[in-house]
Amino acid sequence: MQGWGADEVRNAVGQTVFELAPLALRPPESGTKASAMTGSAKSLRIGTRGSPLALAQANLVREALAAAHPDLPRAEVAVIKTTGDQVQDRKLDEIGGKGLFTKEIEEALLDGRIDLAVHSMKDMPTFLPDGLVIGCLLKREDPRDALFSPHAGTLAGLPRGAKVGTSSLRRQAQVLALRPDLNVVTLRGNVGTRLAKLAAGNVDATLLALAGLIRLGLAEKATAVLAIEEMLPAVAQGAIGVEIRASDSRMRELLVPLDDFATGLAVNAERACLAVLDGSCHTPIAALAETGSNGTLRPMSRNVPSAVIDGVSPALAARRSSSIFIKTSVSRSRR
């Protein structure tokens, strides 16, 4: 894919993409709400946000399901508008945090309007609602961050006082730890929106997850890919998670062939770290776990940003790094 927007992604995903109306706007349904797929002849419904990246990721899951289960009817992709997508003029920590990107999707999953939901795991809240679980994790894409700027090829090369746009507290903290002279400003929106604002001169540089760029065919447009030592990724960055109802044993079994063990091991460790630190959109935390050949997390010795977990104010945290580098071994039982 080369620079795909919403229309191009929708065309690639196919005609089985539709917008799922909010529950209050839908006519009452008779019978059970247990699943959108009551009969064996009905297609699975995959819930997702409507951005080009979200649609591309939903399509990855749909194609993986089709490859693993060729006898299944082709799944439908249901686009669900979330509060986080609709409110773009305020910081996430001012309007409720990461849950704003999942609330409406999870409501549709719980009441049976969809059968599974596809998420970027880095956008998932630390704890899931009762009755929902992550059914599988696809193989993780490159978790690093990418720099975009017409003014310099590196963060170090940006002019003094340059305006760096990002809504991520994690990125803000690490940018200012490296370059306290830079001016970090809030920049929200999907990949295309942020790149358009950069092109318009609203900011001098911005940072995006490399995984999303790869999935959209935009990785080659990045100015530079930042090393882990320079910018530690968000928890679970690069991982796609499939959320299902905890009671849906059939859906759980369908997802078994899609689940990547090494990704699950690393993501579970990173999210456990986030839970222990009580991480949220109000706390700039980064974590990266990598697995070794023996199926456990491997200790790593790299020059990475030090941890800031002492409850300091965001203003002070922005002067220091707030990253956690996991150096432990845990096990994850195979399904």
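Read-outs throughout are calculated quantities, based only on the coordinates presented, and are distinct from any laboratory measurement. What you see is a predicted model, and the numbers here were worked out from it, not measured in a lab. Virtual Cβ from ideal backbone geometry, glycine too; neighbours counted across all protein chains shown.
What to note about this one:
- Nearest-20 debye value, segment 145-225 charge dipole, Cβ charges on Lys, Arg, Asp, Glu: 180 debye
- Listed residue pairs exceeding 24 Å between alpha carbons, taken from LYS81/LYS163; LYS122/LYS221; LYS103/LYS197; LYS163/LYS221; LYS163/LYS197; LYS81/LYS122: LYS81/LYS163; LYS103/LYS197
- Phi angles across segment 198-208 convert, under the Karplus curve 6.51 cos²θ - 1.76 cosθ + 1.60 with θ = phi - 60°, into 3J(HN,Hα) values of 5, 4, 7, x, 5, 9, 9, 7, 8, 10, 9 Hz, Gly and Pro given as x.
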